[in-house]
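Shown next, in structure tokens, is the structure this report addresses.
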Amino acid sequence: MFTFSTIAQYHNDLLNGTTTCVDAVRYYLQNIGKHASLNAFIEVFEEEALQRASSLDAERKSGKTLSPLHGVVVAIKDVICYENHAITASSRILNSFISLFSATAVQRLLDAGAIIIGRNNCDEFAMGSTNENSAYGPVRNAADVSKVPGGSSGGSAVAVQANMCMVSLGSDTGGSVRQPADWCGIVGFKPTYGRISRHGLIAYASSFDQIGIFSHNVSDTALVLEIIAGADNFDSTVSSTSVPAYSQLLHHTPYKPFKIAYFKEVFEHDGLDVEIKKAFQEYVGQLRQKGYIVEAVQFPLLQYIVPTYYVLTTAEASSNLSRYDGVKYGFRAALNENDDLTALYKKSRTQGFGKEVKRRILLGSFVLSAGYYDAFFSKAQQVRRLLVEQNDAIFEQYQFILSPTVPTTAFNLSEKRTNPVEMYLADIYTVYANLVGIPGISLPLFKHSNGLPFGIQLMAPQFKEADLLAFSQQLLNAK
């Protein structure tokens, strides 16, 4: 039977001849078939993945040195381009669209020897917190099929959770990697804004979006980040800061009595589950016993985080999604004889976009309108600036910020669909990292009395991914 706990162990098994890349692909294909009812995959590249696996096996047997991700089986969210493969953002409006190029992150995976096994279901255009806003239907949580997996990268999270791939790529605009990772009981990582190129990532909110990584462990996350991070001529917003050897630094960072902050207002939030609150408080006590300095800090802006996030992201979404008009590519509505160009726009967008996407486009258009721009969009930009300044002040004294990842465990399917505001408030702990552009990771540490997993979120200053990953490894090792 094919088994592995880390990519390093998998490579060791390949070199020892106890398994092959073809064995690995067949194992994951079998699991994909077994868990088809979870609806995590929109499309599986079965034949292509097996062919690539066979080719990699032949290369290895010929004596060629293993590349860093040799034979690693990866799934990608349906907002990340893969040349000559369909990409729809789980939306009818991009039905049957074929990508003409690969995202920089995908190309770097392929260049490092990875095998792309399929594309994952997600909330339409990455807009959602439950993965129910998809043209392909909802994704189900493997821990309890009556529950949502989280969103918008729910399919990518479940693909790792149910062992349908080794690692997967998602996108994180306001917690869309960390939140589903928390609800699925796996590791979910979002880097600093600009650490990974956004070239080939379908835009939702361009100043927030980042490609993120799902895995079973921190070491695999560090290795994948090391491969896909770094400068890219196709993305003017990506950082030229050199990429550390994250996978090596993970094991060579000594124990430090880190100073860790948490927001006092987190415990005063009405929506925080009682068990999650208790587990978090006890965990803070355990860290203190181990010599870490963990202190509460005042954060009066907490109540403004979610409204600021949704004003700014919907405004950017309204602009970004204007390109889907039924003219250039994707879905085009059938027209009557007397319909004009305006009718084409209206019908194509009305029929092509789902309800949640329409809601956010309308909200974004409203806050950008002449009469409300200053009252909403400008004010939200000012609050974002204040958040960045306060964040910088916190990190002058502390190395990390600690919080629950999500206020509750996974919702029931359809539980929040009629109350979008309540669903948006579930993002209160994750959107902060995107607003200020810092890296964050969700670590699976606990199990609720309802049987569902939950964990903690750890955040670090910009481009301190090496410290964040090394400390996360320490925490999981001590679990």
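The values are calculated or read from the model by the stated rules, or taken from the named source; none is laboratory data. The structure presented is a predicted model; accordingly, all values stated were derived computationally and were not measured. Please note: Cβ atoms are built from the backbone with ideal geometry, for glycine as well, and neighbour counts cover all protein chains shown. Ligands, DNA and RNA are excluded from the accessible area calculation, which covers all protein heavy atoms including side chains. Shrake-Rupley method; radii C 1.70, N 1.55, O 1.52, S 1.80 Å.
Scan region 306-337 residue by residue and report those that are part of a loop (DSSP other than H, G, I, E, B) and among the β-branched types (Val, Ile, Thr). Full working, then the answer.
Going through region 306-337, the residues part of a loop (DSSP other than H, G, I, E, B) turn out to be 324-337.
Once the filter is applied, which keeps residues that are part of a loop (DSSP other than H, G, I, E, B) and among the β-branched types (Val, Ile, Thr), region 306-337 yields only Val327.
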What are the residues in region 68-95 that are within 19 Å of Ser219 (Cβ to Cβ) and open to solvent by 10 Å² or more (accessible area, probe 1.4 Å), if any?
Pro68
If you go through region 3-43 one residue at a time, how many are within 18 Å of Asp220 (Cα to Cα), free of Cβ contacts under 8 Å to residues at least 60 places away in the same chain and not in a helix (DSSP H, G or I)?
1
In the set Gly326, Gly330, which member is surrounded by 20 or more Cβ atoms within 10 Å (Cβ to Cβ), out of contact with any Ser or Thr (no Cβ under 7 Å at 6 or more places or on another chain) and modelled with pLDDT under 95?
Gly330
Is at least one residue of region 202-209 modelled with pLDDT of 95 or more and under 19 Å from Gln457 (Cβ atoms)?
yes
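Rundown of residues vs (1) closer than 26 Å to Thr418 by Cα; (2) touching a residue at least 40 places away in the same chain (Cβ under 8 Å), yes/no style:
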{"residue": "Thr314", "(1), (2)": "yes, yes"}
{"residue": "Ser318", "(1), (2)": "yes, yes"}
{"residue": "Val357", "(1), (2)": "yes, yes"}
{"residue": "Arg360", "(1), (2)": "yes, yes"}
{"residue": "Leu363", "(1), (2)": "yes, yes"}
{"residue": "Phe366", "(1), (2)": "yes, no"}
{"residue": "Gln382", "(1), (2)": "no, no"}
If we ask which residues in region 338-354 are in contact with a helix residue (DSSP H, G or I) (Cβ under 9 Å, 6 or more places away or on another chain) and either part of a loop (DSSP other than H, G, I, E, B) or surrounded by fewer than 16 Cβ atoms within 10 Å (Cβ to Cβ) (or both), their number turns out to be 5
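Okay, residues lined up against (1) open to solvent by less than 30 Å² (accessible area, probe 1.4 Å); (2) small (Gly, Ala, Ser):
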position	(1), (2)
Val148	yes, no
Asn163	no, no
Gly200	yes, yes
Ala203	yes, yes
Thr237	no, no
Restricting the search to region 379-394, which residues are closer than 15 Å to Ala460 by Cα and hydrophobic (A, V, I, L, M, F, W, C)?
Leu387, Val388, Ala393, Ile394
Evaluate region 272-295: report whether one residue or more is hydrophobic (A, V, I, L, M, F, W, C), in a loop (DSSP other than H, G, I, E, B), at pLDDT 95 or above and under 29 Å from Ala205 (Cβ atoms).
no
What's the number of the only condition in (1) more than 22 Å from Gly455 (Cβ to Cβ); (2) modelled with pLDDT under 95; (3) surrounded by 14 or more Cβ atoms within 10 Å (Cβ to Cβ) that Lys264 fails to meet?
(1)
Region 81-119, residues that are part of a strand (DSSP E or B), in contact (Cβ under 8 Å) with a residue 60 or more places away in the chain and not charged (D, E, K, R)
Ile115, Ile116, Ile117, Gly118
